[in-house]
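No lab work stands behind these numbers, since they all come straight from the coordinates. Bear in mind the structure is a predicted one, so any value in this text is a computation, not a measurement. So basically every Cβ, Gly included, is an ideal-geometry build from the backbone, and we count neighbours across all protein chains shown.
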Amino acid sequence: MSDRQLANQRANFNLALKRSRCPKDNGKVLEVSMPDVVCEKCSTMYVLAIQSGTFTMRWRLVEKQNPQPVIQHTESKEVIQREVIVKVPCKYCGTLNDLASAKFCSGCGAPVK
């Protein structure tokens, strides 16, 4: 596409942008990045579709199905914790017991150190 064609396309887009209104609330539409526009009142995202001929130009706003946010900041932190469970054998029956929580052997009832 030549520079002249790009300039004409940009001029047509700007003209259509100035004359377009949001069909939902009649709000002014603002350019996000050509051909994407957003309504300043309801934040609905549209594509400004332009059809131009030799002497005519038609345009319409087509609502985007899955609009992308204009600005999106995401920050995530992932915390990995590892829990170690230490089990000790009972000195009387050999049953493994949790060192941190068991006070008595689950097998024979003897005290666990």
Report summary line: Listed with the fewest Cβ neighbours within 10 Å leading, V88, V62 appear as V62, V88
Query raised in the report: Please state the relative contact order of segment 1-48 as a whole percent: Cα pairs under 8 Å, 6+ residues apart?
Result: 25
Query raised in the report: Here are some values of log10 I(q)/I(0) by the Debye sum over Cα atoms at q = 0.10, 0.22 Å⁻¹: (1) -0.50, -1.13; (2) -0.24, -1.34; (3) -0.28, -1.15. Which one was computed from this structure?
Result: (1)
Query raised in the report: Cβ under 14 Å from S20's Cβ, S20 left aside: what net charge do those residues give with Lys, Arg +1 and Asp, Glu -1?
Result: +3
Report task. Grab the DSSP H runs of the chain that are 4 residues or longer, score each as -39,500 (n - 2.57), total them, divide by all residues and round the 222 nm result to the nearest 500 deg cm²/dmol. Result -> -5000 deg cm²/dmol
Query raised in the report: Given Cα pairs under 8 Å that are at least 6 residues apart, what percent is the relative contact order of the chain?
Result: 12
